[in-house]
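Just dropping this structure here.
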Amino acid sequence: MTSRVHGSQPILIRGVRPYGEGEPVDVLVSDGQIAEVGAGLTPPDDADVVDARGQVLLPGFVDLHTHLREPGREYAEDIETGSAAAALGGYTAVFAMANTDPVADTAVVTDHVWHRGQQVGLVDVHPVGAVTVGLKGKQLTEMGLMAAGVGQVRMFSDDGVCVDDPLVMRRALEYATGLGVLIAQHAEEPRLTVGAVAHEGPNAARLGLAGWPRAAEESIVARDALLARDAGARVHICHASTVGTVELIRWAKEQGISITAEVTPHHLLLDDARLADYDGRNRVNPPLREADDAIALRQALADGVIDCVATDHAPHAEHEKMCEFASARPGMLGLQTALSVVVQTMVQPGLLTWRDVARVMSEAPAAIVGLPDQGRPLEVGEPANLTVVDPDTEWTVTGRTLASRSDNTPYEAMTLPATVTLTLLRGRVTAREGKSGLADEGQREAKRDRA
Ligand code: DOR
Ligand code: ZN
């Protein structure tokens, strides 16, 4: 299959404010790089001129946590539909989690994911390798072979499940340190979450839903911080969801432990009060917590205790979500709504500036995994991995018009602020005004017909 993105025509982005700061400038992109920045630039004759007056220029977003379902569950998402969703959400790099079928526990699978992402060409799809064979938590994978493959795996995770055996986790951290790769933990003590479908608290009790205590997450966060300390290793905490996790990460960082953490947009915005109608779209792991947890997570992201935003984009088909709450598969779409949720929860209340948005959605995640060409300064000579955002618009979310093959957004019918108007990957347009660079947008038409 051929690459489906535009050629390397020069692009002049007119009247945009880098990081939302200072006077508007024109930004000329050519040959995959930022070629010129200044007021009143004269575009080359063949340039594509984009009117971006009043808009904000940011480095392309980097998502450390996305589930693209390929191989194995392409009925819910594949690398092509997930890449389109990513580009439309302003992402230029995503990390595809290993809980596929087969599991990404060998270089055969991780190399496929990388190749397929490059073929589609809308976003760099970096494969995440599994920590343990088959995600079974017993035997470490050949991390070195995956790291040395063409997919150059930089991050390993059993996400979906926790590496719960402390000795296995300790060995994984030691092994990863030697290889210079990152272990990302889905912190969930499985003995405390047997049968759990909702946050353990008054809401779950009232609704008759089996509860998932905060301690299931926090006990693993604490344990892994100590294991990382002793191994001299780095550890990354996926989808932090509780007040206690925030306090533990703060403590660990104060001790000098190499720990980083992400928060999802849904844990910033939503809480378990939403479960009252038993809508399966609100089921997610870790579960939506209480309003005070969301407040603590926002503050922690603002303070830098939590390093970055990651979507945990988790597509599921209609039959897997529109069913009894306890039978619904956990997970929510996130790629196309992440920026808007961050604007609503963080920018509008004054917790983050646009400069900070560049940090938490691009620079920090790129640094955590050591991506050399992402999260770069908006300066001449830098690779043109860029996102343009219109901060003064709003839009109403409808699952069936999202680019993902699945519809399971928790924000259905909600009106959210800010839209991504342009995404560039190495200077090529991958999304513009709500259309992805996919030549064939038939997928979205098919979704509309079905609905
Ligand atoms: O809600 C979730 N969905 N949490 C996870 O950890 C895995 C993910 C999935 O793969 O659907
Ligand atoms: Zn997870």
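The values are calculated or read from the model by the stated rules, or taken from the named source; none is laboratory data. What you see is a predicted model; the values in this text were computed from it and never measured. Don't worry about glycine lacking a Cβ; one is built from the backbone with ideal geometry, like all the others, and counts go over all protein chains shown. All accessible areas refer to the heavy atoms of the entire protein, side chains included, with ligands and DNA or RNA removed. Shrake-Rupley method; radii C 1.70, N 1.55, O 1.52, S 1.80 Å.
Restricting the search to segment 141-171, which residues are among the small types (G, A, S) and within 16 Å of ligand 2 (Cβ to nearest atom)? First the steps, then the outcome.
Taking segment 141-171 and keeping what is among the small types (G, A, S), we get 144, 147-149, 151, 157, 160.
Selection gives S157, G160.
Which residues, taken from segment 271-305, are in contact with an Asp or Glu (Cβ under 7 Å, 6 or more places away or on another chain) and among the small types (G, A, S)?
Passing the criteria: A291, A294.
Name every residue in segment 147-165 that is surrounded by 18 or more Cβ atoms within 10 Å (Cβ to Cβ) and more than 16 Å from ligand 1 (Cβ to nearest atom), in order of residue number.
A147, G149, G151, V153, R154
Among the residues of segment 294-311 satisfying the criterion of being open to solvent by less than 10 Å² (accessible area, probe 1.4 Å) and not β-branched (V, I, T), which is nearest to ligand 1 (Cβ to nearest atom)? Working first, answer last.
Filtering segment 294-311 for residues open to solvent by less than 10 Å² (accessible area, probe 1.4 Å) gives 294, 297, 300-301, 306, 308-311.
Right, trim to not β-branched (V, I, T) and you get 294, 297, 300-301, 308, 310.
Values: A294: 17, L297: 16, A300: 20, L301: 19, C308: 17, A310: 11 Å.
For segment 294-311, the residue satisfying everything is A310.
If you go through segment 78-109, how many residues are within 16 Å of ligand 2 (Cβ to nearest atom) and part of a loop (DSSP other than H, G, I, E, B)? Explain how you work it out, then say what you get.
Of all residues in segment 78-109, those within 16 Å of ligand 2 (Cβ to nearest atom) come to 94-100, 103-104.
If we keep only those that are part of a loop (DSSP other than H, G, I, E, B) as well, we get 97-100, 103-104.
Selection size over segment 78-109: 6.
Any residue at all in segment 282-293 that's more than 16 Å from ligand 2 (Cβ to nearest atom), closer than 14 Å to T345 by Cβ, touching a strand residue (DSSP E or B) at 6+ places or on another chain (Cβ under 9 Å) and open to solvent by less than 30 Å² (accessible area, probe 1.4 Å)?
yes
Of these, L41, L68, L88, L135, which one is crowded, with 24+ Cβ neighbours inside 10 Å and out of contact with any Ser or Thr (no Cβ under 6 Å at 6 or more places or on another chain)?
Working: L41 fails: crowded, with 24+ Cβ neighbours inside 10 Å; L88 fails: out of contact with any Ser or Thr (no Cβ under 6 Å at 6 or more places or on another chain); L135 fails: crowded, with 24+ Cβ neighbours inside 10 Å.
Just a single option satisfies the conditions, and that option is L68.
Hey, could you check segment 255-269 for residues that are part of a loop (DSSP other than H, G, I, E, B) and open to solvent by 10 Å² or more (accessible area, probe 1.4 Å) and say which is farthest from F61 (Cα to Cα)? Spell out the reasoning first.
Of all residues in segment 255-269, those part of a loop (DSSP other than H, G, I, E, B) come to 255-257, 264.
If we keep only those that are open to solvent by 10 Å² or more (accessible area, probe 1.4 Å) too, we end up with 255-257.
Values: Q255: 30, G256: 28, I257: 26 Å.
If we take residues in segment 255-269 being part of a loop (DSSP other than H, G, I, E, B) and open to solvent by 10 Å² or more (accessible area, probe 1.4 Å), then Q255 is farthest from F61 (Cα to Cα).
Further, regarding this structure: Within segment 174-196, can you find the residues that are away from ligand 2 (no atom under 15 Å from the Cβ) and over 29 Å from P127 (Cβ atoms)?
Listed by number, the residues that qualify are R191, L192, V194, G195.
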